[in-house]
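Worksheet: the structure to be examined is printed underneath.
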Amino acid sequence: MEERLQKILAARAGVSRRAAEKLIEDGEVTVNGATAHLGDRADPESDLICLRGEPVSASERKYYIMLNKPVGYVTTMSDEKGRRTVAELVADIPARVYPVGRLDINSEGLLLMTNDGAFANRVTHPSYEKEKTYRVLVTGDVESGVSRLTQPMELDGTPLSIPEARLIKTEGALSTLDITVHEGKNRQIRRMCQIAGLTVKRLTRIRVGGVSLGRLKKGTWRHLTSREIDSLMG
């Protein structure tokens, strides 16, 4: 199927659309041996598209990124209510990437995004049991709460794997916990804490599988390393 040439270059040569337009204007792009012009269309499956004499990959470049999602953004690419979406935070990626899993609007932290469906399935499918760790600021009887969290519990009529729950610190009425779960049910940590008599004040995902958020600034993203991708695929 024919597409605008700059769109093809953005998806398959790893450049922005603006950069792709500049390359076309500068005569750096050919289609079937002829110099391309801005506005040209091509079929990436049947036309030979070259950048500076080198063929552009026949397949779309795959992106694997980690975003530190701030509070106030929904984990969708568009929103009918006009709320801010994570798509705004990755608009500079020259391909359409999608969230892997979800974080609710009031939660923050590690969100994986990709345009590789096989990768997304590997990370999210229950059979692969990718652990997810959350740093949770709570109020309530934390000693009783941690004890309840590490006992059998169910949500929506389904038994949960017993999570790991560890008290990090307590300052006044606020306590910080690290909670590790295997499932990915909607608002799972908040609902578990409610059952345990705890009120969540802040919820940050800090790890998925062997990949940690680290010091990535809120609202920014980075590429996953090949080791991180292999870890998640494994």
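The values are calculated or read from the model by the stated rules, or taken from the named source; none is laboratory data. Since this is a predicted model, take the numbers as computed values, not measurements. Every residue, glycine as well, gets a Cβ built from its backbone with ideal geometry; the counts of neighbours run over all protein chains shown.
A few remarks follow.
- Residues of the stretch 41-65 satisfying the condition of being of a type in the set (F, W, Y) and outside any strand (DSSP E or B): Y63
- Boolean, E54 is surrounded by fewer than 12 Cβ atoms within 10 Å (Cβ to Cβ) and free of Cβ contacts under 8 Å to residues at least 40 places away in the same chain: yes
- Boolean, A20 is outside any strand (DSSP E or B), modelled with pLDDT under 90, surrounded by 14 or more Cβ atoms within 10 Å (Cβ to Cβ) and not assigned by TED's automatic domain parsing to the domain that holds R187: yes
- Residue count for the stretch 126-137 under the criterion of being at pLDDT below 85 and assigned to a strand (DSSP E or B): the result is 0.
Every residue, every condition in (1) closer than 17 Å to L110 by Cβ; (2) outside the structural domain of Y73 (by TED's automatic domain parsing); (3) at pLDDT 95 or above, yes or no:
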| site | (1), (2), (3) |
| --- | --- |
| T139 | no, yes, yes |
| E154 | no, yes, no |
| G157 | no, yes, no |
| I162 | no, yes, no |
| A165 | no, yes, yes |
| R191 | no, yes, yes |
| G197 | no, yes, yes |
| L203 | yes, yes, yes |
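- Residue match in the stretch 167-177 (condition: of a type in the set (D, E, K, R) and over 16 Å from the mean Cα position of the chain (by Cα)): yes
- Subset of the stretch 157-179 that is of a type in the set (S, T, N, Q) and surrounded by fewer than 16 Cβ atoms within 10 Å (Cβ to Cβ) - its residue that is nearest to R135 (Cα to Cα): T170
- Residues in the stretch 142-156 that are among the polar types (S, T, N, Q) and either part of a helix (DSSP H, G or I) or in contact (Cβ under 8 Å) with a residue 12 or more places away in the chain (or both) were compared, and the one that is surrounded by the most Cβ atoms within 10 Å (Cβ to Cβ) is T150.
- Yes/no for L89 being over 19 Å from N121 (Cβ atoms) and either buried (at least 21 other Cβ atoms within 10 Å of the Cβ) or under 12 Å from the mean Cα position of the chain (by Cα) (or both): yes
- Evaluation of A118 against (1) under 30 Å from I8 (Cβ atoms); (2) surrounded by 20 or more Cβ atoms within 10 Å (Cβ to Cβ); (3) over 13 Å from the mean Cα position of the chain (by Cα) (one fails), failing number: (2)
- Subset of the stretch 121-141 [surrounded by fewer than 16 Cβ atoms within 10 Å (Cβ to Cβ) and over 19 Å from L203 (Cα atoms)]: N121, H125, P126, S127, Y128, E129
- Any chance V123 is part of a strand (DSSP E or B) and β-branched (V, I, T): no
- Residue in the stretch 181-204 that is among the aliphatic types (A, V, I, L, M), farther than 23 Å from Y128 by Cα and touching a Ser or Thr at 6+ places or on another chain (Cβ under 6 Å) present: yes
- Considering residues of the stretch 71-84 that are surrounded by fewer than 19 Cβ atoms within 10 Å (Cβ to Cβ) and in contact with a helix residue (DSSP H, G or I) (Cβ under 8 Å, 6 or more places away or on another chain) only, the residue farthest from R227 (Cα to Cα): S78
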